[in-house]
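Student: Here's a structure for you.
Derivation of every value follows stated rules applied to the coordinates shown; laboratory data play no part. Treat the numbers as computed from the prediction; the structure is a model and nothing was measured. Positions of Cβ are generated from backbone atoms using ideal geometry, with glycine treated the same way; all protein chains shown enter the neighbour counts.
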Amino acid sequence: MVKIYRIDPENPDKKVISEAIGILRNRGLVVYPTDTVYGLGANPLDAEAVRKVYWAKRRVGKPLPILVSSIDAVKRIAYVDEAALRLMERFWPGPLTIVLRAKDVIPKEVTLGTGKVGVRMPNHKVALMLAEGLNGLIIGTSANISGKPSPKTIEEVIEQLGDRVDLILDAGPARMGIPSTVVDLTGNRLRIIREGPISYNELLSVVNEGY
């Protein structure tokens, strides 16, 4: 039976956070709240833990995004250019995932050989605290079966993932209830991968500032 803790999103219980971080450090899976939808967390630098995420989600052939607690954390795992930095400074923390060129420190299980990684800084205390406990990084994929709707509530998480995870942190309904905008900066122009709360025109105007 999966363990479920109710947690205050504005004033998270540090003991609960500490227990969750301990599970993550020991290759466990934790469902946690973010500002968009509920996420399925694991240590992104531990290949075995990452493989468990694919198993839990029944996900095949799609790389996994990473949530970060700081821009410095991004720079340890990806190459950050001026355009990316502008977007981070304007829209983070918030619902924007930026796909960048990955550094070799990231296991191939995360990137699936693409050489790319999607990164985002969430606007949520619980998610940020968990990332900080894992040296600034946590797997940030949605806590759903691949292809099914991203969960906005714990009930939806349990229905889809059941006992495939070790711990669920329940902070009530997700604030936005829709996944982040995803943009790819690995080519010679900004390319939108998934529409979300932030529009393409908003992103483009920030990238083009100063040119």
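Student: Could you work out the relative contact order of the chain? I mean the mean sequence separation of Cα pairs under 8 Å and 6+ apart, divided by the number of residues, in percent.
Tutor: It rounds to 32 percent for the chain.
Student: Would you work out the charge dipole size for the chain about its Cα centre, treating the Cβ of every Lys and Arg as +1 and the Cβ of every Asp and Glu as -1, and quote it to the nearest 20 debye?
Tutor: 580 debye
Student: If you don't mind, there's one more thing I want to ask. Can you give the charge dipole size of the stretch 82-173 about its Cα centre, rounded to the nearest 20 debye, using +1 on the beta carbon of Lys and Arg and -1 on the beta carbon of Asp and Glu?
Tutor: Once rounded to the nearest 20, the dipole reads 480 debye.
Student: What do you get for GluC sites (Glu not before Pro) in the stretch 182-211 restricted to DSSP loop and a cutoff of at most 14 other Cβ within 10 Å of the site's Cβ?
Tutor: Loop-located and lightly packed - Glu195, Glu209.
Student: Additional query: Rounded, prolate or oblate, given the Cα gyration tensor of the stretch 1-97, with a/c below 1.5 counting as rounded?
Tutor: oblate
Student: Tell me which label goes with the value of log10 I(q)/I(0) by the Debye sum over Cα atoms at q = 0.14, 0.18 Å⁻¹ computed from the coordinates here: (i) -0.90, -1.33; (ii) -0.89, -1.45; (iii) -0.76, -1.28.
Tutor: Here the calculated entry is (iii).
Student: Which of Leu85, Leu96, Leu169 moves the most in a Gaussian network model of the chain with Cα springs under 10 Å?
Tutor: Top of the fluctuation ranking is Leu85.
Student: Rounding to the nearest 20 debye, state how big the charge dipole of the stretch 1-98 is about its Cα centre with +1 on each Lys and Arg Cβ and -1 on each Asp and Glu Cβ.
Tutor: In debye, rounded to 20, the stretch 1-98 gives about 540.
Student: How many lysine pairs does the chain hold where the Cα atoms are under 15 Å apart and the two sit 8 or more places apart or on different chains?
Tutor: Taking the Cα cut-off of 15 Å, the pair count is 13.
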